[in-house]
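Written out below as structure tokens is the structure these notes cover.
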Amino acid sequence: ADVAYLRSVLPSTTDDAFFDYLATLDASEVTVTAIPEGSVVFPRVPFLQVKGPLLVVQLLETTLLCLVNYASLVATNAARFRLLAGPDMKLMEMGLRRAQGPDGALSASKYSYIGGFDCTSNILAGKLYGIPVRGTIAHSFVMSFRCLEEVQPRELPPQAGGDPVDLADLAVSWLQRVCDLLQTPPGKTNQGELAAFVSYAVTFPCDFQGLLDTYCVRRSGLPNFCAVALALHQLGYQAIGVRLDSGDLAQQSKEIREVFRACGAHFQVPWFGTIPIAVSNDISEQSLEEFRREGSEIDMIGIGTNLVTCPLQPSLGCVYKLVEVNGSPCLKLTEDEEKMTIPGMKAIYRLYDAAGHPFMDLMALEEEPSPSAGQELGIRVLGRLEETTKVIPTTVEPLHRTYFRDGQVCEPLPSLPDVRTHAQVSLNLLSPAHRRLHEPQPYPVAVTERLHRLFLELRQGS
């Protein structure tokens, strides 16, 4: 069917033998080596190399770039959010509605999880990839209620067993006590919001959570939530959290935490002061920096648009270049040195210092002997090719592994959680100077003297 389609779009003068040849193509002669998924990769370092018949590997170009560009971009963006948030903050990916279509949304969910997010609101991604799924109630759900009479059913049996209790009536009695404590008039709370919280609590008594800002956090959302949560507590259940979606999130989180602690102390409910607080609302890297600078009581952050659309860098720009044909190295020449290709099939090594941090990636020709730990190396750093630099690595790590050969996957492929763990380990190995997001120290990438000589010969010969 593919060959028939190509016949229909290629010029009618195309030789029939060409289509017969296309029908014989397969991947049995292709070999793919790559840096393991989830590794930190730096500019100019080839993270994937493909060997095989020229036509076959040329046909793979667009497919491979499509597969790795957006995936690597989202994983990198997610890793930046993780670094800013710190290791203890829970991060939820919730970008499905803003992503680049269903395929982009699934990719974003998968690769943000690799980059360090804890869960996703995308249920299909949870089903397909096993990513933990989380979510909260919506404003539309809260707004769909007008009064407590709309709550059906409204009775809930105690967790320990016994006769069902009218949760709506119990919440109303608790609302008066909460408002007295907070010095808030009960008449200012929205009855439809209270009804929505009660209805949700009756349905999910072990997973009750509140969205506090549909109307007014202080006068309505917060006292309504506390009333329902305390009513549930009286029946043996424990609320699992709240979400804010507007306003000064850091300041509101601190005010909400004070109220939770006050309720916990006053009503003798110790766990109440530690109810998790989640926030959303166009969270960006700048938002996380502000949370850290101002201080907050936020436990979980939901990030959507600024995660899946990658506004700081909408595309990654990986390229796929020919470096050798029939054993002869190739060089793409350009006046911009950064865009020149590095010729020849290469082996890639990561050099570590005595503290266990990688300090340089080294490209060598494939046939060169591997560098050794403790051995002085004469290398040329990209961007400073005119001078030789001497380095002595404490540890040398070959980065490329062969994943595909003779038409078969030949290396066990890691699970998604394994890739996620590897990504976090890779990031944590970086020195703080290289890992910081603002004005990081440039990470050097170098070539061996032999590879540098080949580069000069090809450039001069051209």
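Throughout, read-outs are computed from the coordinates displayed, never taken from laboratory work. Keep in mind the model is a prediction, meaning the values are calculated, not measured. All Cβ positions, glycine included, derive from the backbone under ideal geometry; neighbour counts span all protein chains shown.
See the values below:
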read-out	value
Cβ-derived FRET efficiency at R0 30 Å, Ala262 paired with Phe141, nearest 0.05	0.60
Simple label model, 7 Å out from Cα along Cβ direction - Leu456 to Ser315, nm	3.6
Mean Cα-pair separation over length for the stretch 15-171, i.e. relative contact order, pairs under 8 Å, 6 or more apart, %	14
Sites Lys188 and Leu65 - FRET efficiency at Förster radius 56 Å, r taken between beta-carbons, to 0.05	0.45
Asp213 long-range amide H proximity, modeled H, under 5 Å	Asp245
Relative contact order of the stretch 77-309, defined on C-alpha pairs under 8 angstrom at six or more residues apart (%)	22
Antiparallel bridge percentage (DSSP; both residues within the chain; nearest 5)	60
Computed helical MRE - 222 nm, the chain, DSSP H runs ≥ 4 contributing -39500 (n - 2.57), nearest 500	-12000 deg cm²/dmol
Protection proxy ranking, peptides 327-335, 306-314, average beta carbon neighbours within 10 Å, highest first	306-314, 327-335
Spin-label proximity, Gln424 to the stretch 108-135 - amide N less than 11 Å from point 7 Å beyond Cα toward beta carbon	114-119
Added length on full extension, which subtracts the Cα-Cα distance from 0.36 nm per residue, Val133 to Ala160	6.9 nm
Average Cα contact separation per residue, the stretch 346-403, under 8 Å, 6 or more apart, as relative contact order %	41
Length released on extending from Asp2 to Leu181, taking residue separation times 0.36 nm less the Cα-Cα span	57.2 nm
Hz values of 3J(HN,Hα) by residue in the stretch 26-37 - Karplus curve (6.51, -1.76, 1.60), Gly and Pro given as x	8, 9, 5, 9, 8, 10, 10, 10, 7, 6, x, 4
Full-extension gain in nm, Asp16 to Thr402, via 0.36 nm per residue minus C-alpha separation	135.3 nm
